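Undergrad: Supplied in structure tokens, the structure appears directly below.
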Amino acid sequence: MDDTKLTVRAVERALDILSVFTDEIELSLTEIAAKTQLHKSTVHRLLASLEGKDFITRNAETEKYRLGFRIWELAANLSQSDDPALLLQPEMERLRDSLGETISLYVRDGGERIRIQAVQSNQAIRRVAPIGARLPLNVGASSKVLIAFAESDIQEQVLAELEWSGAAEKQTFVRQMAEIRRVGYATSVEEREPGAAAVSAPIFNRGHKLVAALAVSGPSNRFTLEKMKEHASQIIESANRMGKMLK
């Protein structure tokens with residue numbers, strides 16, 4: 001039993017090490033140890049194992065580590081016909097070209113949302129949206145959509161687990177959910193990040209199950225609330241077309 005626990009712990013720590021590369025391309029041993037809160041000796045041992053299996057590669061000149069080719073080999077198997085991140089990209093690009101702003105695709109994972117796809121704006125001043133980013137679920141247009149259009153049991157569970165500053169904040173959020181379901185989209189202006197604004201609509205598959213949230217974001221001084229409302233119907237139509245592509 002003790003050997004099993006040690007094995008599982010080693011696997012979890014190895015996965016923690018791989019996870020730190022979601023935000024960085026190269027990291028030193030010290031940086032990885034700091035991010036994972038593990039001892040350097042433990043990190044060094046696990047890195048050696050990961051490097052031996054080609055999940056991690058080390059730059060001999062800088063002594064920094066990065067993801068290895070085996071990661072990309074595994075990722076290639078994600079290229080399935082029903083993967084929304086790949087299947088919906090052409091439609092996202094068309095919407096970007098039409099509106100001139102950054103287009104993102106979000107899914108819910110527990111009490112967070114994850115950006116699984118993004119098409120960046122071509123404008124000089126734009127909202128940059130890194131793929132793989134995890135964001136809180138109680139702020140932002142996409143968060144509101146992922147909660148407002150979720151099934152009732154999931155909605156209740158998420159609302160119960162999120163942290164609120166008080167009962168009034170939660171009640172206000174619940175009222176917003178009702179209005180979002182009525183109009184079919186959500187907006188946010190500088191809720192999570194100063195200078196950023198976004199509008200989001202739900203993507204339902206052909207079985208009318210919520211799959212993701214489609215978002216359009218940009219600088220708040222250009223992508224104003226009035227402009228977001230003006231484009232809302234086009235964004236909803238685009239989300240509906242995307243939904244018809246998904247099983």
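Undergrad: Any residue that is within 28 Å of V119 (Cα to Cα), touching a residue at least 60 places away in the same chain (Cβ under 8 Å) and either open to solvent by 70 Å² or more (accessible area, probe 1.4 Å) or of a type in the set (A, V, I, L, M, F, W, C) (or both) - is there at least one of those in segment 149-159?
TA: yes
Undergrad: When you look at I131, is it among the hydrophobic types (A, V, I, L, M, F, W, C), within 25 Å of S19 (Cβ to Cβ) and open to solvent by 60 Å² or more (accessible area, probe 1.4 Å), yes or no?
TA: Answer is yes for this residue.
Undergrad: Is it the case that segment 99-118 has a residue that's in a helix (DSSP H, G or I) and aliphatic (A, V, I, L, M)?
TA: Scanning segment 99-118 turns up at least one residue that is in a helix (DSSP H, G or I) and aliphatic (A, V, I, L, M).
Undergrad: Considering segment 222-243 alone, what residues qualify as being surrounded by 14 or more Cβ atoms within 10 Å (Cβ to Cβ), without any contact (Cβ under 8 Å) to a residue 40 or more places away in the chain and not hydrophobic (A, V, I, L, M, F, W, C)?
TA: Answer for segment 222-243, where residues must be surrounded by 14 or more Cβ atoms within 10 Å (Cβ to Cβ), without any contact (Cβ under 8 Å) to a residue 40 or more places away in the chain and not hydrophobic (A, V, I, L, M, F, W, C): T224, K227, N240.
Undergrad: Which one of N59, N122 is open to solvent by 40 Å² or more (accessible area, probe 1.4 Å) and either in contact with a strand residue (DSSP E or B) (Cβ under 9 Å, 6 or more places away or on another chain) or within 14 Å of A213 (Cβ to Cβ) (or both)?
TA: One residue alone meets the criteria, N59.
Undergrad: If we scan segment 21-37, do we find a residue that is in contact with a Leu (Cβ under 7 Å, 6 or more places away or on another chain), open to solvent by 70 Å² or more (accessible area, probe 1.4 Å) and at pLDDT below 95?
TA: no
The values are calculated or read from the model by the stated rules, or taken from the named source; none is laboratory data. Fair warning: this is a prediction, and the values are worked out from it, not measured in the lab. Cβ atoms come from the backbone with ideal geometry, glycine included; neighbour counts cover every protein chain shown. Side chains are part of the model used for accessible areas, which takes the heavy atoms of the whole protein and leaves out ligands, DNA and RNA. Shrake-Rupley method; radii C 1.70, N 1.55, O 1.52, S 1.80 Å.
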